[in-house]
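See structure below.
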Amino acid sequence: MARPASRDAPRVRMYRHGLGDCFLVTLPGVSARPFHMLIDCGLQMGAPDEAGTMERVAKDIEATTEGRLDIVVVSHDHWNQVSGFALARSVFDRVAIGEVWFGWAEDPTDPLAGAVAANRGRHLRGLRALANRLARSSPGDERGPALAAELSVPLGFYGPRDGAVGRRAIEYLKDHPSGPRVRYGRVGGSAIRLSGSASASAFVLAPSPEKAPSLANPSALLHFLAAAGNPSDGDDEGAVQSDAFDDRYRLSPKRAERLPFFRRRYLADDEAWRRVDRDWMAAGAPLALALDGHGDNLSLALAIEVEPGGAVLLFPGAARTEDWAGWARLNWRRAGVQDEATATGADLLARTALYKVGHHGAARAAPGPEGIGLMTSPDLVAMLSVDQEFAEKSGWRMPEPRLLDQLLRVSRGRLLRSDRPFPERPEFASAGEWRVFRDAVVFDPNGLHVDFHLGGRPGLAGGLD
Amino acid sequence: MRASPSEESHPPPDAAPATSSRVPPRQLATTPVSRRLRVFAFDPLLGARVDTMGVNQITVSIPWDDSLAPGPVGEYLEVIDHDPSGGCYYAPVNLNDANLLATDGLAPSEGNPGFHQQMVYAVAMTTIRNFEQALGRRVIWRPRQAWECGRKDGPDEYVQRLRIYPHALREANAYYSPVKRALLFGYFPASSSAPGRNLPGGTVFTCLSHDIIAHETTHALLDGMHLRFTESSNPDVLAFHEAFSDVVALMQHFSFPAVLRHQIALTRGDLASQNLLGQLAQQFGEAVGRYGALRDAIGSVDPRTRVWKPTEPDPAAYQTTHEPHARGAILVAAVFDAFLTIYKARVADLLRIASGGTGVLPDGELHPDLVSRLAGEAAKSAGHVLTMCVRALDYCPPVDLTFGDYLRALITADTELVGEDDRGYRVAMIEAFRRRGLYPEGVRSLAPDSLLWRGVDENPDSPGRDAPFGPPEQSPVIRAGGWNLWADRKRMFDYAGKLRAEFREWIADLRRTGDPTALGALLGLALDDDAPAGVDRDPEGRPRFEVHAVYPARRVGPDGQLIMNLVVELTQERKGFLDPNRQDRVDRGLGGAATGDFVFRGGSTLVFDLETAEPRYIIRKNILSGARLRRHREHLANMVGRSLWATYFGPSNGGEPFALTHRDD
């Protein structure tokens, strides 16, 4: 062996397991052991052989890290970020975990976080009730099942039993048998030295609690759901006046049926094409998606600096396009190193050498022209975890084609997709430049993962200067 | 001088009578001309604020409908108050109840569903009446095509009534559904944490907002007139639908002097200030932010000085704004700008008199007479602008409308009726559009003359300049003059169907006996055998075209001049492909395809003089235009939004193109 493993160049391993995220970051450690950070481990519900796949991934993680993960990061609570911790729990039982990081909204002691979580729970239960109601078709209405199918998309984000299993996976990590320290990240504060690593630090770009999904107008959703057939759990906060008018004005369907006016104009068969019995329910799916969109604001976004002044690995979580502009203006204190030097977001983004594309390349997570403009490093490599075929079968646009174009341009063709082999050299890249990139990428012969080595592959002469 | 639609309904002599039944002779008490009904002037919660108390109720006059039944159900509308999310129905109000007739309907009340029914009916009818007065004919709703009725073939089916559901949705939204020919209104709780002036936890009803009712009714009216204006072939099309509906709601609102009097007193005659605009759909806006784009397009409060100032129009905004509501707001701001200019010109002399020539009004409250006069002038200006905007619809191309096209339509329509623009209305419009970068294509200058649509003899490409449509005596235009007699909308609809068939025959004849290429070039169609293979063909292999619409445009000008025009719209279909190479191959007949990636349309609007059969204007959207085809293609590619909905469900908008707030935002 040429050099001790701990002095290997930093490496990012993207698992190629399907539509989901699982990244293993390996950095030089303080001792002989390298430092390992696992960022998310999940797979979309409905993917073929979910359990088997996640077990294979987990076992690879176990073997590679020799049973010890310094840090586990859960960026947000979608099933395709956390399913591995449920489906392959028995494997993770054997792994020692030093720290577990979540976004601020997971903090059980924070009242605002608690309110957000409670609302979310209520909303999901209500939407499920609505979906059930819709799925029960009524004669002459073809929209019901279609609307139910629409609703199943946002409901499916949270995994089986509307998020109950995913929730347990998160709790499992918090109470992991190896007793890890739990951190709830929020923007601001200082750089976090990654303990166990030689020189790396992490900077939290998001979430920012001020941007927490406004609890303003949850009443609209609750009001909507109150009619859907799942009244709130009886607590006063949720109680909503769901009737539009006093009882004395309400005519029950039975009474209305007896009135010629409604019988002739609304209930008659030849008037069926104009009925609006279910139109109101169509707001369910957009409301659910909007709810999910709010959840993006709560995800944990990190910039990992390999060493002070060195390359940066950017893991943006589920952050959205509009967030990037704000990142440039962030700054953090750096204790210890070089007195109280501060690091700025703009600087970190300019040094980003590895960009993990958010949300499987969906449009809303695109960095946008602002973000793209901030990632100016000539060495930038992008990693995109996606399964386009699977997404297309579900009718989803992932990755968004125009975002793909942007990424290819900003990374000069150095875009690694988990659902494709090594990319072709684009015309604008020189042969030399491309060879250097090729040498830094290692595909697992079993197709389970692909590694990108910053600074070139260990043991090879030369490498990225 | 211009005629204006007033609160009292006095239909011009040539318009169809308001009733659908004949008035029995020798009746001692004649049928009333109009019915008065009370409605909220602004959204209800304003009534709770001291400074607007007394303003929040107005009485509108709508044409008397003999056939009005409980619902209300009348000639044009049927209000069916089913509340599906509430699992109940509300009894239909009977506006012919003697008590209600005596008191101008129910008293405005948020808690009484009968009043909600009354209000939607009254405001929708007001909007319809304004349209009919401006257009000089009765309005028709979008008919049902054969396939919608489950038939493979056959004529369109007449839809007599637009349906209105005042409490159909349980969300902060309202929409016109083209499929159901219905308006659906929603209700929702005011936000508990940021209720604005709304009662926390109180219910906000979109069906109690004059502006929202007028806006959605206008969608339905426009849809009935221009069936293809829902086909999004360029960024302006859907934006226009939104903008036009906003313009009608705005201008209609301002045409009530009672409403304005209060505001004019407060703002001392300066209608551009925030107060007046801030009232628009305020309740809804505060709960949900609906009119944000519009308000910002017109003006905003400077965060430093906290003073409201008008927004400087930014021509670049039009280039970069694509979302329909926001893009439409630019057009609305332009029309509003023109309205302000017109109003200021009209009241200049009043202010000179009132200020003794100094231009500075005395401190303190304005004299009530002055306020009344100012309010009257504002209402008149609004009425005129509204009429101008509605009339322009008859001078629009049948498909692929742009804002620039609409400007030309405005100028042409107004020039037809008002020869001398002594009040500067046209100039005001042009200037307002210019400042926002809304330029028509292919015109040399923005002088009013240059903006007029062209007729036949001015068209350099027009073949056979003399009578390209054949001798006038043989033109079906002459025979189409029998429109006046039909008071009944259904008969009008049937007659229009017959006329369409006649015109179809006529054009087919012209093609057969004349030069199809030249004729096609004149009409924006591809009529000869060299037409691209992608153009729809009839069973005999000839390019197919349709006479999309035929209707009269009959107006009375301010000086008594009678304009009698016949508008004929022709359209054609062609397969469009996203890949230009594929398009080329298919058009050259080298590759068969059952359908294209999209439907590309072209054609023209012809405006004939009803008496002489002379073709006055030809407004073309050439089916062979490569530039238009490219633009349509690009538009489709760009239309993929960044919204959550677009990621998971593609570029649709949640199913309803005319929702007040798009659910996918």
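Being at positive phi and modelled with pLDDT of 85 or more: is that true of A:Gly336 here? Before the answer, list the steps.
Values: at positive phi: yes; modelled with pLDDT of 85 or more: no.
Against the criterion (at positive phi and modelled with pLDDT of 85 or more), A:Gly336 does not qualify.
Kindly provide the set of residues from segment B:139-169 that are among the charged types (D, E, K, R) and closer than 21 Å to B:Tyr495 by Cβ, ordered by number. B:Arg142, B:Arg144, B:Asp156, B:Glu157, B:Arg161, listed by residue number. Could you tell me whether any residue of segment B:425-444 is in contact with a helix residue (DSSP H, G or I) (Cβ under 7 Å, 6 or more places away or on another chain), free of Cβ contacts under 8 Å to residues at least 12 places away in the same chain and basic (Lys, Arg)? Checking segment B:425-444: at least one residue is in contact with a helix residue (DSSP H, G or I) (Cβ under 7 Å, 6 or more places away or on another chain), free of Cβ contacts under 8 Å to residues at least 12 places away in the same chain and basic (Lys, Arg).
Residue-by-condition table, conditions (1) surrounded by fewer than 16 Cβ atoms within 10 Å (Cβ to Cβ); (2) at pLDDT 90 or above; (3) among the polar types (S, T, N, Q):
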residue: B:Gly481; (1), (2), (3): yes, no, no
residue: B:Leu485; (1), (2), (3): yes, no, no
residue: B:Arg489; (1), (2), (3): no, yes, no
residue: B:Met492; (1), (2), (3): no, no, no
residue: B:Ala501; (1), (2), (3): yes, yes, no
residue: B:Glu505; (1), (2), (3): yes, yes, no
residue: B:Ala508; (1), (2), (3): yes, yes, no
residue: B:Gly514; (1), (2), (3): no, no, no
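Taking residues in segment A:239-255 that are closer than 14 Å to B:Pro92 by Cα and facing chain B (nearest Cβ under 7 Å), and partners anywhere that are at pLDDT 90 or above and assigned to a helix (DSSP H, G or I), the pairs with Cβ atoms closer than 6 Å and at least 6 places apart or on different chains are A:Tyr249/B:Pro113.
Looking across segment B:43-82, the residues that are at the interface with chain A (Cβ under 9 Å from one of its Cβ atoms), at pLDDT 95 or above and either surrounded by fewer than 22 Cβ atoms within 10 Å (Cβ to Cβ) or not in a loop (DSSP other than H, G, I, E, B) (or both) come down to B:Ala69, B:Pro70, B:Val73, B:Glu78, B:His82.
Note on segment A:349-376: among residues that are in contact (Cβ under 8 Å) with a residue 60 or more places away in the chain and away from every other protein chain (no Cβ under 14 Å), the one that is nearest to A:Glu322 (Cα to Cα) is A:Met375.
One line per residue, one yes/no per condition, for (1) of a type in the set (S, T, N, Q); (2) surrounded by fewer than 24 Cβ atoms within 10 Å (Cβ to Cβ); (3) under 22 Å from A:Gly373 (Cβ atoms):
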| position | (1), (2), (3) |
| --- | --- |
| A:Asp277 | no, yes, no |
| A:Trp280 | no, no, no |
| A:Ala283 | no, no, no |
| A:Pro286 | no, no, no |
| A:Ala301 | no, no, yes |
| A:Glu307 | no, yes, no |
| A:Leu314 | no, no, yes |
| A:Ala318 | no, no, yes |
| A:Gly326 | no, yes, yes |
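Exactly one residue among B:Ala392, B:Ala428 is under 23 Å from the mean Cα position of the chain (by Cα), farther than 20 Å from B:Ala239 by Cα, modelled with pLDDT of 90 or more and small (Gly, Ala, Ser), and that residue is B:Ala428. Does B:Leu366 satisfy being touching a Gly at 6+ places or on another chain (Cβ under 9 Å), under 22 Å from B:Leu266 (Cα atoms) and in a loop (DSSP other than H, G, I, E, B)? Yes; evaluated as a whole, the condition is true for this residue. Per the conditions (1) free of Cβ contacts under 8 Å to residues at least 60 places away in the same chain; (2) closer than 20 Å to B:Lys621 by Cα, the sole criterion not satisfied by B:Leu570 is (1).
Every listed requirement among (1) within 14 Å of another protein chain (Cβ to nearest Cβ); (2) in a loop (DSSP other than H, G, I, E, B); (3) crowded, with 24+ Cβ neighbours inside 10 Å is met by A:Gly395 save one, (3).
Filter segment A:398-438 down to residues that are part of a loop (DSSP other than H, G, I, E, B) and of a type in the set (Lys, Arg) and give me whichever is surrounded by the most Cβ atoms within 10 Å (Cβ to Cβ).
As a first pass, look at segment A:398-438 and keep what is part of a loop (DSSP other than H, G, I, E, B): A:398-400, A:411-414, A:418-430.
Imposing the further condition that a residue be of a type in the set (Lys, Arg) reduces the set to A:412, A:414, A:420, A:425.
Working: A:Arg412: 19, A:Arg414: 25, A:Arg420: 14, A:Arg425: 15.
Residue satisfying both the conditions and the ranking: A:Arg414.
Pairing residues of segment A:185-212 that are charged (D, E, K, R) with residues that are not in a helix (DSSP H, G or I), at Cβ distances under 8 Å and at least 6 apart in sequence or on separate chains, gives A:Arg186/A:Gly103; A:Arg186/A:Val204; A:Arg186/A:Pro207; A:Arg186/A:Ser208; A:Arg193/A:Ala200; A:Arg193/A:Ser201; A:Arg193/A:Gly336; A:Lys211/A:Asn297. Of the residues making up segment A:256-277, those that are more than 7 Å from chain B (Cβ to nearest Cβ), in contact with a helix residue (DSSP H, G or I) (Cβ under 7 Å, 6 or more places away or on another chain) and either basic (Lys, Arg) or within 30 Å of A:Phe157 (Cβ to Cβ) (or both) number 2.
Checked against (1) modelled with pLDDT of 95 or more; (2) more than 23 Å from A:Phe85 (Cβ to Cβ), A:Val12 passes all but a single condition, namely (2).
Out of curiosity, is A:Asp270 closer than 18 Å to B:Pro84 by Cα and either surrounded by fewer than 20 Cβ atoms within 10 Å (Cβ to Cβ) or hydrophobic (A, V, I, L, M, F, W, C) (or both)? Explain how you work it out, then say what you get.
Values: closer than 18 Å to B:Pro84 by Cα: no; either surrounded by fewer than 20 Cβ atoms within 10 Å (Cβ to Cβ) or hydrophobic (A, V, I, L, M, F, W, C) (or both): yes.
Taking the combined requirement at face value, the residue does not satisfy it.
In this entry, A:Val116 is excluded by the filter for residues that are of a type outside the set (Lys, Arg), under 17 Å from the mean Cα position of the chain (by Cα) and part of a helix (DSSP H, G or I).
Find the residue count for segment A:44-67, including only residues that are in contact with a strand residue (DSSP E or B) (Cβ under 8 Å, 6 or more places away or on another chain) and of a type outside the set (S, T, N, Q). Explain how you work it out, then say what you get.
Residues of segment A:44-67 that are in contact with a strand residue (DSSP E or B) (Cβ under 8 Å, 6 or more places away or on another chain), as a first pass: A:54, A:57-58, A:60-61, A:64-65, A:67.
Of the ones still in play, those that are also of a type outside the set (S, T, N, Q) are A:54, A:57-58, A:60-61, A:67.
Number of matching residues: 6.
Scan segment B:215-231 and give yes if some residue there is modelled with pLDDT under 90 and among the aliphatic types (A, V, I, L, M), otherwise no. For segment B:215-231, residues modelled with pLDDT under 90 and among the aliphatic types (A, V, I, L, M): absent. Filtered by the rule that a residue be β-branched (Val, Ile, Thr), touching a residue at least 12 places away in the same chain (Cβ under 8 Å) and more than 30 Å from B:His241 (Cβ to Cβ), segment B:312-371 gives B:Val347, B:Val371.
On the basis of being in contact with a Lys or Arg (Cβ under 7 Å, 6 or more places away or on another chain), modelled with pLDDT under 90 and among the hydroxyl-bearing types (Ser, Thr, Tyr), does B:Thr612 make the cut? No.
Checking each residue in segment A:279-291 for being more than 7 Å from every other protein chain (Cβ to nearest Cβ) and farther than 14 Å from B:Ala172 by Cβ picks out A:Met281, A:Gly284, A:Ala285, A:Ala288, A:Leu291.
Within segment B:454-464, does at least one residue satisfy the condition of being among the acidic types (Asp, Glu) and modelled with pLDDT of 90 or more? No; the residues of segment B:454-464 include none that is among the acidic types (Asp, Glu) and modelled with pLDDT of 90 or more.
Limited to segment A:410-444, what total is found for residues that are touching a His at 6+ places or on another chain (Cβ under 9 Å) and either without any contact (Cβ under 8 Å) to a residue 60 or more places away in the chain or of a type in the set (A, V, I, L, M) (or both)? Residues flagged as touching a His at 6+ places or on another chain (Cβ under 9 Å) and either without any contact (Cβ under 8 Å) to a residue 60 or more places away in the chain or of a type in the set (A, V, I, L, M) (or both) within segment A:410-444 amount to 5.
Kindly check whether there is at least one residue in segment A:354-364 that is farther than 14 Å from A:Leu205 by Cβ and part of a loop (DSSP other than H, G, I, E, B). Before the answer, list the steps.
Filtering segment A:354-364 for residues farther than 14 Å from A:Leu205 by Cβ gives A:354, A:357, A:359-364.
Okay, now just the ones that are also part of a loop (DSSP other than H, G, I, E, B), so A:357, A:362.
Yes, segment A:354-364 has at least one match.
When restricted to residues that are over 20 Å from A:Cys22 (Cα atoms), touching a residue at least 24 places away in the same chain (Cβ under 8 Å) and part of a helix (DSSP H, G or I), segment A:377-392 contains 0.
The values are calculated or read from the model by the stated rules, or taken from the named source; none is laboratory data. Note that this is a predicted model, so its numbers are computed, not measured. As a convention, Cβ positions derive from the backbone with ideal geometry for all residues, glycine included, and neighbour counts pool all protein chains shown.
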